[in-house]
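Data block below; observations after.
The values are calculated or read from the model by the stated rules, or taken from the named source; none is laboratory data. All values derive from a computational prediction rather than experimental measurement. Every residue, glycine as well, gets a Cβ built from its backbone with ideal geometry; the counts of neighbours run over all protein chains shown. Each accessible area value is taken on the protein alone, full model and side chains, heavy atoms only, with ligands, DNA and RNA left out. Shrake-Rupley method; radii C 1.70, N 1.55, O 1.52, S 1.80 Å.
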Amino acid sequence: METVFYTLQWIAVPLLSPGVLGLIRKIKAYMQGRRGASIVQPYRDLAKLFKKDEVVSPDNSWIFSAAPYIVFGTTLALAGSVPLVAAFPFAPTGDILIFVYLLAAGTFFLALAGMDTGGGFGGFGSSREMMIAALSEGGLILALVAASFLAGANNLAIMPDALSAIPLSELLPLFLAAGAFFISLLSENARYPVDNPATHLELTMVHEAMILEYSGPKLALMEWAASNKLLIFIAVFVNIFFPWGLASSLAPAALSLALGIFLLKACAAAFAIAFIESTMAKFRIFRVPDLLFTSFVLSAIAILLIVL
Amino acid sequence: MPRSAFVARDKEFEILGERLRETVFSSLKGSLAIREVAAGSSNAEELELTALGNAYYDIERFGIRFVASPRHADALFVSGPVSRNMAEPLRRTYEATPDPKIVVAIGDGAIDGGIFKGSYAIAGGVKDVIPVDIEIPGDPPSPQAVITAMLTVAERLGQKRESTNT
Amino acid sequence: MIDFLTQFGFFTTFACFLGGAAIALAYGAWGADHESWILSHFFALSGCVVGLLFAGTVLFSSGPLSVHLPITLGIGPDILTFHIDNLAAFFLAAISVVGIAASLFGIGYGKHFLGTYRLGGFGFFYNVFLASMVVVVTAGNGFLFLLAWEAMAIASYFLVIFERREAKNISAGMLYLLISQLGAGFLFAAFLILFRYTGSWDFEAIRLGAAGIPLIAQNIILALALIGFSSKAGVIPLHIWLPEAHPAAPSHVSALMSGVMIKTAIFMLIRFFIDFFPGAGLSWGLIIIALAAVSCLLGVLYALSEHDIKRLLAFHSVENIGIILLGLGASISFFSLGYNVLATLALVAALYHTINHALFKALLFLSAGSVVAATRTRNMEEYGGLIKIMPYTAFFFLIGAIAISGLPPFNGFVSEWMTFQSLFAGIMMLPVIAKIVFLIGASSLAFTGGLAAACFVKAFGAIFLARPRHEHRGAHESSFLGLVGMGLLALLCAVFGIAAGAIAPVVARVAESLSIIPIEIPAAPLQALGGTSIAMPSVALVAMIGIALTGAVVWIVAGRRKIVVSRTWDCGAPLTPRMEITATGFSRSIIMVFRGLLRPSVQTDVEFHDSQTRYFTKRKEVQLSLTDMYYAYLYRPAITLVEHSSRHARRIQTGNLSTYLLYMFLTTITLLFWALR
């Protein structure tokens, strides 16, 4: 049964993630008074990219060719272990530190690929990405640790059940940690105010700069992996920090209800992200560490509130 | 979906846009990525292309978007008479774009030099530097002209895709 | 075979080392430098192989052994006692594994010293170094231990200054020797005080008598030991010799020094704090954690600012020693409060990270050594594109980089995971002050992991990827034996990561032989809060399946796409190697974020085409350097203080004979009064 579930999640996350991205773009368009591309536009873009040829530079090495597979593969590996609609007992990649460090492995190879291009853009994109990733890890790890202290377990698949049993009056640390995690979500996924995913100016790019050199199927993998990562972060955010609404049994009715609730929560998170993107300006790069340290301090306060 | 604040004001543009959406959907599976190259232009054409993305025209609805790198692009929209210094970069941009691709010379200057035709400072029109598939006259062309030309772009690129797929 | 090993394995190891040392000198004196090099390394290799087998025998079949040689050496009857318990066997295994890889690498490495330096002395000191490290971990009494400690320092000093044509190496060696002797002074004091209270040098006797030592003396001993061993381990602020000495030594010696020599200090710290004085006190654990947290963070920040590849790796050693000490400090804290299971877990974390760091740091130093030998420069700004010339070395460096960044499924992740779990458990369970210190430790570890990954993206990218920044004339792949050594370490990194579930219980068994307090071995060492555990093989499998599946899907969907080779997208401008990001530029953003801590300074040199108008630059050079905080705030004031007080004290030396006679007279009178009192 668990293997079936696991496989279904491996299929569901890549299937849904371009849709979430399309939803965020649609909401942004509406807030700008336009109608914007349809929600399924990212699917069409990916499909087109898979059919295009590739242009590869002779300066690139096997790292450049292998990185898209590694980056996408790690997001798949995590897809099975984040709670989407139900918590099932054992997910080998569900430990919170494995979650953080597998994502870090993907970022590692993405940054290497950015450096492999030999052009200036990839290099400084990697530099900024590693700075942001290194500084956001503190807040990310401590936020998840705060949630695990409250839940008494540190496997992502088990935590929602334990967390939903806690009365609301004791959940202040969880919400502080949720704020810290949300800041990490924005910084790890190249959203405002840390990075602009739709910019054309190379000097303002972080994530885009590293994939500037990719084309064809590899570009499709990189962009798809980025949206997978976004969906995984959103799933952790809405299901760990707002843990109500997960199915407690594997009956189809409960599962479909949980799926509906999850989609609703994901839409709310997408709306929050799009709202921030439409109302805030992107930070200067050297103001971003202040934001990331704020995330760290929030989660440290959450932990202290729990244990003191 | 709740109603957006968007109100379609330009009826003629909307009709063209509807046709463009259908063409992009049928020929290109609904996705077209454009990279603009300013090869010594006055930027009037760039302003028009940027304006196509604003809330009034909103070209994104039709599945068309502008990308930052030629590696990501399907179509190159080149504007301006190609100045001597931009000839080589333009060639490199063309080589950096993966197949199937299509080149559009937008604006009078790009077609054959426009008011700078014959000048010592330019290398000629875009077709003297890289192969051009479609030309859009005008200095700058109006959004309607651009959209009409994009219909041809979509069809032509769709044909190229068919031929490379078989 | 096992009986032979149990009986004679220890002696065979020494025989190999001493034989290697003798042969090195003999052949060197004869002028046969190359043979001397190869043979001495071969003997060292065999000594390490036997050592590894012997350590395995002790760990898995025979249990703790004691060896007593009745040779008096003119000092005392019990001077040559060796006691090899599980902890010693564990460290012996670490020394042997790294020694095997380093010796294999070294055999092929000697070629570029031929003709420039005489190689006889190198082989001698190399074998003496290895032998002294073995004695350090197996010594059964304090006197032998101190002898071996000094021998280790002096042998490594001669190895550090081996390339003595460069003045920098000599000064690096001097600094190393100075700090080493300073630390040894503290250790001598600690052992002398122990001798005074327990009446014996023997470790067994010390273990039994330690409980009777008054508390103040205990704390003094522990403080002296901590300072002495921290200076050898490279804990901030006593680390200043590390980034000078490790780069100066030949690469396989650097691998040994960074991989195992500094771990011997950790070994003795465990002996002192957990074995001799098991109830050492919560405050010691917290002090160690605080020191470790600072070491981690500052070590990795200083590493980020380096563009000399070997200095970068040396600073990472400082960082990883910090991580090991986090686990050790947690263990001491848990022991002092009676949480034995958690204490064992934390100790296992520290020991596992010790062996992991030995493995991947040695791997990194060996591959960096190949790169340095191939390009004849240590400056990372001149590398680039080497992956096309040295693909295997690049691959092994990548494995080392992934391991040291703590990314699953390699070994660095497992030990960092265990350290994290101990720190989290401490945050939950210990008293308030401890909670806060443990939280600081956990935060430091969290940031360190990310910063280390950033540093190795920079290192690997600047060295191996993209285009060469400088012409590499004559660069070539490493020697075959070097690749074998590196491959062995890389394989072990993978094995220690994926098979962690099987290896951790073995490491836990090491803790069995320690201390009087009974240790409870947890059933599943990879267990975390709430009883869930991680299974590294599943993680590795899942990741592999993910990547393979991606590949398969792309192959199916994209089919046969054309791949055209064309130049990098450069916005049409001519792309020169100078446009690639430099190592300095890569880390500049992080340095600027931490500028309050690091005090960076940027120096720009500009040369103009026309010095009158100063409009068009011809050449520009930017140097980013950090203020050496320890030198400015710790060492320089100390040096100034010593100089000042010496200058004042000089006044008693008047040069006048009558004054000296007066001093002697006054001293005699005072002593007479004192004696008759």
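Tabulated values for the structure
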| quantity | calculated |
| --- | --- |
| In segment C:23-35, residue nearest to residue C:123 (Cα to Cα) [restricted to those that are open to solvent by less than 60 Å² (accessible area, probe 1.4 Å) and among the hydrophobic types (A, V, I, L, M, F, W, C)] | C:24 |
| Filter pass, residue C:46 being open to solvent by 30 Å² or more (accessible area, probe 1.4 Å), free of Cβ contacts under 8 Å to residues at least 60 places away in the same chain, among the small types (Gly, Ala, Ser) and under 15 Å from residue C:99 (Cα atoms) | yes |
| Selection count where residues are open to solvent by 10 Å² or more (accessible area, probe 1.4 Å) and touching a residue at least 40 places away in the same chain (Cβ under 8 Å), scope segment A:77-100 | 6 |
| In segment C:399-415, the residues that are more than 8 Å from every other protein chain (Cβ to nearest Cβ) and outside any loop (DSSP other than H, G, I, E, B) | C:399, C:400, C:401, C:403, C:404, C:411, C:412, C:414, C:415 |
| Filtered residues of segment C:461-475 (kept if within 7 Å of chain A (Cβ to nearest Cβ) and surrounded by 24 or more Cβ atoms within 10 Å (Cβ to Cβ)) | C:461, C:465, C:466 |
| Residue, farthest from the other protein chains (Cβ to nearest Cβ), within segment A:174-198, restricted to residues that are touching a Ser or Thr at 6+ places or on another chain (Cβ under 9 Å) and charged (D, E, K, R) | A:195 |
| Per-region count, segment A:170-193, residues out of contact with any Phe, Trp or Tyr (no Cβ under 7 Å at 6 or more places or on another chain), open to solvent by less than 30 Å² (accessible area, probe 1.4 Å), closer than 28 Å to residue B:53 by Cβ and assigned to a loop (DSSP other than H, G, I, E, B) | 2 |
| Residue selected from segment B:33-46 under the condition touching a Pro at 6+ places or on another chain (Cβ under 7 Å) and within 25 Å of residue B:19 (Cα to Cα), by the criterion nearest to the other protein chains (Cβ to nearest Cβ) | B:35 |
| Within segment A:67-88, tally of residues that are under 20 Å from residue A:155 (Cβ atoms) and at the interface with chain C (Cβ under 9 Å from one of its Cβ atoms) | 8 |
| Residue check, residue B:41 farther than 18 Å from residue B:133 by Cα, open to solvent by 20 Å² or more (accessible area, probe 1.4 Å) and not aliphatic (A, V, I, L, M) | yes |
| Extreme residue, most open to solvent (accessible area, probe 1.4 Å), among residues of segment B:106-123 that are closer than 26 Å to residue B:154 by Cα and more than 16 Å from the chain's Cα centre (by Cα) | B:112 |
| In segment C:416-455, the residues that are within 7 Å of another protein chain (Cβ to nearest Cβ) and not aliphatic (A, V, I, L, M) | C:417, C:420, C:424, C:435, C:443, C:447, C:449, C:450 |
| Filter pass, residue C:638 being in contact with an Asp or Glu (Cβ under 9 Å, 6 or more places away or on another chain) and among the hydrophobic types (A, V, I, L, M, F, W, C) | no |
| Single residue of C:343, C:362 found to be out of contact with any Phe, Trp or Tyr (no Cβ under 6 Å at 6 or more places or on another chain), open to solvent by less than 10 Å² (accessible area, probe 1.4 Å) and of a type outside the set (Asp, Glu) | C:362 |
| Test: residue in segment C:649-661 that is surrounded by 13 or more Cβ atoms within 10 Å (Cβ to Cβ), not in a strand (DSSP E or B) and not assigned by TED's automatic domain parsing to the domain that holds residue C:458 | yes |
| Test: residue in segment A:22-44 that is within 11 Å of chain C (Cβ to nearest Cβ), open to solvent by less than 20 Å² (accessible area, probe 1.4 Å), within 29 Å of residue B:101 (Cα to Cα) and at pLDDT 90 or above | no |
| Identity of the residue in segment C:89-146, outside any helix (DSSP H, G or I) and open to solvent by 10 Å² or more (accessible area, probe 1.4 Å), that ends up farthest from residue C:229 (Cα to Cα) | C:115 |
| All positions within segment A:199-214 that are part of a loop (DSSP other than H, G, I, E, B) and at the interface with chain B (Cβ under 9 Å from one of its Cβ atoms) | A:199, A:200, A:201, A:205, A:211, A:212, A:213, A:214 |
| Members of segment A:15-53 that are touching a residue at least 60 places away in the same chain (Cβ under 8 Å), assigned to a loop (DSSP other than H, G, I, E, B) and among the aliphatic types (A, V, I, L, M) | none |
| Restricting segment B:56-105 to residues that are part of a loop (DSSP other than H, G, I, E, B), buried (at least 20 other Cβ atoms within 10 Å of the Cβ) and within 9 Å of chain C (Cβ to nearest Cβ), the residue that is nearest to the chain's Cα centre (by Cα) | B:69 |
| Boolean, residue B:149 is open to solvent by 10 Å² or more (accessible area, probe 1.4 Å), among the small types (Gly, Ala, Ser), away from chain C (no Cβ under 14 Å) and part of a helix (DSSP H, G or I) | yes |
| Every residue from segment C:280-305 that is in contact with a Pro (Cβ under 8 Å, 6 or more places away or on another chain) and open to solvent by 30 Å² or more (accessible area, probe 1.4 Å) | C:282 |
| Residue in segment C:607-636 that is least open to solvent (accessible area, probe 1.4 Å), counting only those that are touching a residue at least 40 places away in the same chain (Cβ under 8 Å) and of a type in the set (Phe, Trp, Tyr) | C:630 |
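Listed here are the residues, each with its yes/no results for (1) open to solvent by less than 10 Å² (accessible area, probe 1.4 Å); (2) modelled with pLDDT of 90 or more.
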residue	(1), (2)
C:403	yes, yes
C:407	yes, yes
C:413	yes, yes
C:417	yes, yes
C:420	yes, yes
C:428	no, no
C:435	no, yes
C:439	no, yes
